[in-house]
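A short write-up of the structure that comes next.
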Amino acid sequence: MDKHLHIEGLHVGYNNLPILHGVQCDFKSGELTALIGRNGMGKSSFLRTLAGLQKPLSGKVFWKNKDLLTLSPRERAQHVSIVLTERIPLQGIDVWTLLEMADYPSIGGFRIFPRQSDELKLKIERSLEILGIAHLSAKSLAELSDGEMQKVMIARSLVQNTPVILMDEPTAFLDYVAKEELFEQLKSLVKTEDLLILFTSHDLDLVNRYADKIYKIEEGTILMT
């Protein structure tokens, strides 16, 4: 069975005022998919709505015949994870502890008492290795640069082990060489792990080089380019 994130009649906005109207599209597993558009057009709001961090005005989001928007936060977190650009409030811990907390949390939340197991240890080690940041495992979050923190949060989504990963401007704090490196890693991940990665970006040159599919926000809806 093909794995698709199917968006059906989704209206996104605040206080009953829509930013996006009746979005109807499908995103496929195994593809690195970009969402582009000018600032203020609703890219971040769309991702936050898909992740359940923001309530939709109306509509449905299906993954394998389950409407994600009707699931509890914990159930939804088994299917979708999100990487945002803002710093998380937990600064008094190290990278390894943060990744331990990613073991099926609620979206946007953390385990207060992280579960420890050999399986979790292997998942953490693998996610750090994939992103080339194993050397950061014992570092305090407060010591990390913005770029390092962004890679740690991507590693956290890999530990969470969801088939759908949403990323809001994942290369925002990286230099050009690091951006290319990260896109190479994401391109490889969607194929080797059969993931659906949907990301927003203003780096149009890199988007055109690396994305399998590109969608654009135009006139309050989302269209494939």
Violating pairs (Cα-Cα greater than 27 angstrom) within the set LYS60/LYS123; LYS187/LYS216; LYS43/LYS179:
LYS60/LYS123
For the stretch 127-133, Karplus-derived ³J(HN,Hα) couplings (6.51, -1.76, 1.60; θ = phi - 60°; whole Hz; x for glycine and proline) come out as 5, 5, 5, 4, 8, x, 10
Option label - Rg and Dmax of the Cα atoms in Å computed here, alternatives (1) 16.8, 49; (2) 27.8, 79; (3) 19.4, 60
(1)
What is the list of residues in the stretch 128-159 whose amide nitrogen lies under 16 Å from a point 7 angstrom out from the Cα of PHE173, following Cα to Cβ?
133, 136-137, 139-157
Pop out the carbon and sulfur fraction of the accessible area of the stretch 18-64 as a percent, whole number, probe 1.4 Å.
48
Rounded to whole Å², per residue accessible area for the chain with a 1.4 Å probe reads 47
Charged-residue dipole, Cβ positions (Lys, Arg, Asp, Glu), the stretch 170-222 about Cα centre, Debye nearest 20:
100
In nm, give the distance between the simple-model label positions of HIS202 and ALA134, each being 7 Å from the Cα along the Cα-to-Cβ direction.
3.6
Cα-centre dipole for the chain with unit charges at Cβ (Lys and Arg positive, Asp and Glu negative), debye to 20:
640
What residue among LEU47, LEU122, LEU32 has its Cα farthest toward the positive end of the dipole of the chain, where the charges are +1 on Lys, Arg and -1 on Asp, Glu, each on the Cβ?
LEU47
The chain - share of DSSP beta bridges that are antiparallel (%, nearest 5):
55
With Cα springs under 10 Å, the Gaussian network model of the chain assigns the largest mean-square fluctuation among PRO170, PRO18, PRO56 to PRO18
If you take the charge dipole of the chain about its Cα centre, with +1 on Lys and Arg Cβ and -1 on Asp and Glu Cβ, which of THR162, LEU131, LEU189 is farthest toward its positive end?
THR162
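The values are calculated or read from the model by the stated rules, or taken from the named source; none is laboratory data. What you are looking at is a predicted structure, and each value in this text was computed from that prediction instead of being measured. Counting neighbours? That spans all protein chains shown, and the Cβs are built from the backbone with ideal geometry, glycine included. Accessible surface is based on the protein model in full, side chains and every heavy atom, while ligands, DNA and RNA are left aside. Shrake-Rupley method; radii C 1.70, N 1.55, O 1.52, S 1.80 Å.
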